[in-house]
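The next block holds one structure in the form of structure tokens; read it before the comments.
The values are calculated or read from the model by the stated rules, or taken from the named source; none is laboratory data. No experiment lies behind these values; they were computed from the predicted model shown. Don't worry about glycine lacking a Cβ; one is built from the backbone with ideal geometry, like all the others, and counts go over all protein chains shown. We work out accessible area using only protein heavy atoms, side chains counted, and drop any ligands, DNA or RNA first. Shrake-Rupley method; radii C 1.70, N 1.55, O 1.52, S 1.80 Å.
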Amino acid sequence: MSEDYVLELEHIRKEYPGVVALADVTLQLRRGEILGLIGENGAGKSTLIKCCSGAVIPTSGKIKINGKTFDRMTPQLAAENGIAIIYQEFNNVKELSAAENMFLGRPIRKGVVIDRKAMEEEAAKAFAQLNIKINPRELVKNLSVGYQQMIEIAKAIQQNAQVLIMDEPSAPLTNNEVEAMFKVVELLKSKGVSIIYISHRLEEIFRLSDRIEVIRDGEYVDTLITKDATVDELIHLMVGREMTQKFPPREPCVDYSKVVLELKNVCGNGDVDMSFKIHAGEVLGLGGLVGAGRTELAQVIFGSKPKDSGQIFLNGKEVHPKSPREAIDLGIALVPEDRKRHGALLGVSIKNNINMPTYKRISTASVINSTVEKRTAEKYREEIQIKCPTINQLVKNLSGGNQQKVILGKWLAADSQLIIFDEPTRGIDVGAKYEIYKLINDLVAQGRSVLMISSEMEELTGMSDRIIVLAEGHMTGELTKDQFNADTIMAYASAVADKKEVS
Ligand SMILES: Nc1ncnc2c1ncn2[C@@H]1O[C@H](COP(=O)(O)OP(=O)(O)OP(=O)(O)O)[C@@H](O)[C@H]1O
Ligand SMILES: [Mg+2]
């Protein structure tokens, strides 16, 4: 019965040259429900929702809003008919205020002049409706990612959206921000807004959704009622096979006689003071809350942030990496957290991206060895399952998660002795996560060392040989494997720096 649905996508197909992004997907969104949309990296989730907004024109298939069929969806038609999308990378202008961003491209005018005051009032109203405290005049650059996202949601509300589609909204947020976002999503639902929620974190899907639709390789798989579904069932539907283990087994391979990296009283931005060692074959987990200084620490080791004082030793020899180039030459790699800004060259092929750090090594007199280049790229394409038609595909045409895999491949190919991973599996699907963990296991089995920053407790305890916890730029705790415990780690993570004892 069509009238029950606000949005219907029927047999949507989308072809790109050499790629079928969507083969045949059908989706029905009921009025006032939250529909979780899940699938592996490259399954077609983002492409599907872009068809709803007119950002992508499907090759074939039908789109209906409130029972009315639209032959050709456009961004304007979508907006007029109450469809709003929060994309993973929001297109805000950092130098403008919150209110100005809300009315970007459609300012309120009084005659010919822009009516700033009216926009600020409207913005304030929308923020109040969502119970969020943002000053409409605040410049977006001064707001956290969480607030920036709230502005996007408020914009949808101000435009009277009936359908809100969110593409991995929790990925860039801190835990507290995620909680705040959930509250807003639940509030919107209670006001009758229908929501499509995309996430790789199944616990979020379980918490929020009424029904869950699974897609795989551009095909519709199934739709389940959330309260009757299980995690195992969903994983099976997503990856098409059983997955019984989350973490691949690892033979202990730490060589405690061989210290690869040692930090002695390293200070980065004034109050960071760090002393610890990493051994050959060891995965050292770095836990802590967002803002504890973990990324800064990684940057100091990688030479992209200056250190104020202290010493860094690599294989017993003091080193002073002053730039990433120097760090790479020393055998240190950093797989950064913010992959859009620091990671891939989007307009360049997968092959070139993966070989980037090694060009110096595989070239003779500036002539690149194309056989090696191709072999390396193919190897990582296969090992981390980068979903692409060929390794010559431009990175910008890959799905979000697959772009991340290219960056991982790039740093793995660099053949470094110490690899620092900053949130290695954020935005990565369950199946590929397992492959990345296997790669980390391979690295340490070869005697390399891994420093892994992770905010996912399960990943931290599941993969580390030892964990150190940071709070406010200080080390507040160190745990050996037999002491791993989520509560203890959380207690250390929220410990105040000068009060090192955790009760
Ligand atoms: N502009 C494009 N040109 C060519 N191929 C594309 C383009 N956009 C998307 N694709 C391909 O379509 C497929 C589906 O991508 P999509 O971004 O929809 O996946 P996704 O389910 O959102 O994945 P993720 O979880 O990684 O974000 C991928 O194989 C991707 O490489
Ligand atoms: Mg996507």
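Mind listing just one residue for me: the one in region 291-332 that is open to solvent by less than 20 Å² (accessible area, probe 1.4 Å) and within 22 Å of the chain's Cα centre (by Cα) and, of those, nearest to Pro357 (Cα to Cα)?
At the first step, the residues of region 291-332 found to be open to solvent by less than 20 Å² (accessible area, probe 1.4 Å) are 292-294, 297-298, 300-303, 312, 314, 319, 321, 327, 331-332.
Still in the running and within 22 Å of the chain's Cα centre (by Cα): 292-294, 297-298, 302.
On the way: Ala292: 29, Gly293: 26, Arg294: 24, Leu297: 22, Ala298: 18, Phe302: 14 Å.
The qualifying residue nearest to Pro357 (Cα to Cα) is Phe302.
Kindly indicate whether Ala445 is touching a Pro at 6+ places or on another chain (Cβ under 7 Å), among the small types (Gly, Ala, Ser) and within 29 Å of Glu326 (Cβ to Cβ). I'd like the intermediate steps shown before the answer.
Values: touching a Pro at 6+ places or on another chain (Cβ under 7 Å): no; among the small types (Gly, Ala, Ser): yes; within 29 Å of Glu326 (Cβ to Cβ): yes.
In short, no.
Take region 13-46 and flag every residue that is within 7 Å of ligand 1 (Cβ to nearest atom), among the polar types (S, T, N, Q) and open to solvent by 30 Å² or more (accessible area, probe 1.4 Å).
Once the filter is applied, which keeps residues that are within 7 Å of ligand 1 (Cβ to nearest atom), among the polar types (S, T, N, Q) and open to solvent by 30 Å² or more (accessible area, probe 1.4 Å), region 13-46 yields only Ser46.
If you go through region 193-200 one residue at a time, do you hit one that is in the same structural domain as Val25 (by TED's automatic domain parsing), touching a residue at least 60 places away in the same chain (Cβ under 8 Å) and surrounded by fewer than 16 Cβ atoms within 10 Å (Cβ to Cβ)?
Scanning region 193-200, I find no residue that is in the same structural domain as Val25 (by TED's automatic domain parsing), touching a residue at least 60 places away in the same chain (Cβ under 8 Å) and surrounded by fewer than 16 Cβ atoms within 10 Å (Cβ to Cβ), so the answer is no.
Any idea which of Ser60, Ser97, Ser46 is within 16 Å of ligand 2 (Cβ to nearest atom) and either out of contact with any strand residue (DSSP E or B) (no Cβ under 6 Å at 6 or more places or on another chain) or small (Gly, Ala, Ser) (or both)?
One residue alone meets the criteria, Ser46.
For a quick check of your reading of the model, give me the residue pairs whose first member lies in region 84-97 and is closer than 12 Å to Gln149 by Cβ, whose second is assigned to a loop (DSSP other than H, G, I, E, B) and open to solvent by less than 30 Å² (accessible area, probe 1.4 Å), with beta-carbon atoms closer than 6 Å and at least 6 apart or on different chains.
Ile86/Pro169; Gln88/Glu168
For region 47-85, what are the residues that are aliphatic (A, V, I, L, M) and either buried (at least 20 other Cβ atoms within 10 Å of the Cβ) or part of a helix (DSSP H, G or I) (or both)?
Selection gives Leu48, Ile49, Ile63, Ile65, Met73, Leu77, Ala78, Ala79, Ile83, Ala84, Ile85.
Scan region 234-258 residue by residue and report those that are open to solvent by less than 70 Å² (accessible area, probe 1.4 Å) and either basic (Lys, Arg) or not in a strand (DSSP E or B) (or both). If you could, list the steps in order and put the result at the bottom.
Residues of region 234-258 that are open to solvent by less than 70 Å² (accessible area, probe 1.4 Å), as a first pass: 234-235, 237-240, 243, 247-248, 250, 253-255.
Correct list: Leu234, Ile235, Leu237, Met238, Val239, Gly240, Met243, Phe247, Pro248, Arg250, Cys253, Val254.
Might you check whether a residue that is over 22 Å from the mean Cα position of the chain (by Cα), touching a residue at least 12 places away in the same chain (Cβ under 8 Å), assigned to a loop (DSSP other than H, G, I, E, B) and not assigned by TED's automatic domain parsing to the domain that holds Leu173 occurs anywhere in region 422-442?
Taking every residue of region 422-442 in turn, none turns out to be over 22 Å from the mean Cα position of the chain (by Cα), touching a residue at least 12 places away in the same chain (Cβ under 8 Å), assigned to a loop (DSSP other than H, G, I, E, B) and not assigned by TED's automatic domain parsing to the domain that holds Leu173.
If Gln385 satisfies every condition in (1) of a type in the set (S, T, N, Q); (2) under 17 Å from Ala298 (Cβ atoms); (3) within 16 Å of ligand 1 (Cβ to nearest atom) but one, which is the exception?
(2)
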